[in-house]
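Some notes on the structure that comes next.
The values are calculated or read from the model by the stated rules, or taken from the named source; none is laboratory data. All of these numbers come straight from a predicted model, not from anything done at the bench. Note: ideal-geometry Cβ built from the backbone for every residue, glycine included; neighbour counts use all protein chains shown.
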Amino acid sequence: MTKYIIVVILFCLTSIHLNAASMPSIAVLEFELKDLTMKPGVPEEIKRTASIKPLLERELKSAGYQITDIPLSDQQEADSGVGYLFDHPDVVALLGKKFGADYVLVGRLHKPSFLFAYVMGDLVRVSDARLMGKFISESKGPNSDLTIKAVESLTVKIDDILEHRYTPPQPSH
């Protein structure tokens, strides 16, 4: 009986390990700010833009995705200016390959107005440099809770292309 229990436990642990190992790894690049307002680049928007990557990584991790880190210095070295990585999935794929990611998400906070902004992301499959999807989530106003909701919405869209595992948190009251 004891041998049977040990075999079952080992089987379960092996299944869990294999399931985790089979989840795709995603590298999330630092988001760039494209601020088209009359007061571009204010500290609050720079801070909000910087908050998106860690928020997105947290949501992707909650769905079981492996997160691959790409140092900012490597991202900057591959980037030739605002919007360059959005237009060059081949360069993004090379960056992802260098660090062992299956997918790379290139992100931007696009702010055409003081009233709203768009959290945007392009998902690139590293193996063939294919653009898997272009995602946009709207965030009305600078409120951090609204930015979090836009990131959750972006995560849903990314997950719909990949594994269908993500469930956004329930709204708090």
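Residue-wise test of (1) part of a loop (DSSP other than H, G, I, E, B); (2) at pLDDT 65 or above; (3) farther than 27 Å from Leu95 by Cα.
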| site | (1), (2), (3) |
| --- | --- |
| Val7 | no, no, yes |
| Leu13 | no, no, yes |
| Ile16 | no, no, yes |
| Ala27 | no, yes, no |
| Leu33 | no, yes, no |
| Met38 | yes, yes, yes |
Quiz item: Taking into account only those residues within region 36-54 that are hydrophobic (A, V, I, L, M, F, W, C) and under 23 Å from Ile70 (Cα atoms), which is surrounded by the most Cβ atoms within 10 Å (Cβ to Cβ)?
Solution: Ile52
Quiz item: Which ones in region 108-138 are among the small types (Gly, Ala, Ser), within 26 Å of Glu44 (Cβ to Cβ) and surrounded by fewer than 23 Cβ atoms within 10 Å (Cβ to Cβ)?
Solution: Ser113, Ser137
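Mind listing just one residue for me: the one in region 55-74 that is touching a residue at least 60 places away in the same chain (Cβ under 8 Å) and within 9 Å of the chain's Cα centre (by Cα) and, of those, surrounded by the most Cβ atoms within 10 Å (Cβ to Cβ)? Spell out the reasoning first.
So the first thing to find is which residues in region 55-74 are touching a residue at least 60 places away in the same chain (Cβ under 8 Å), and the list is 55-56, 59-60, 62-65.
Now narrow it down to the ones that are within 9 Å of the chain's Cα centre (by Cα): 55-56, 59-60.
On the way: Leu55: 20, Leu56: 24, Glu59: 22, Leu60: 27.
Taking the candidates together, the pick is Leu60.
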Practice problem: Provide a single number: the residues in region 104-145 that are among the hydroxyl-bearing types (Ser, Thr, Tyr) and within 13 Å of Arg48 (Cβ to Cβ). | Solution: 3
Quiz item: Hey, Asp145 hits all of (1) farther than 18 Å from Ala27 by Cα; (2) touching a strand residue (DSSP E or B) at 6+ places or on another chain (Cβ under 7 Å); (3) free of Cβ contacts under 8 Å to residues at least 40 places away in the same chain but one; which does it fall short on?
Solution: (2)
Quiz item: Within region 48-94, which residues are in contact with a strand residue (DSSP E or B) (Cβ under 8 Å, 6 or more places away or on another chain), closer than 27 Å to His164 by Cα and of a type outside the set (A, V, I, L, M)?
Solution: Thr49, Lys53, Glu57, Lys61, Tyr65, Gln66, Thr68, Asp69, Phe86, Pro89
Quiz item: In region 75-95, is there at least one residue being surrounded by fewer than 18 Cβ atoms within 10 Å (Cβ to Cβ), modelled with pLDDT of 95 or more and in contact with an Asp or Glu (Cβ under 8 Å, 6 or more places away or on another chain)?
Solution: no
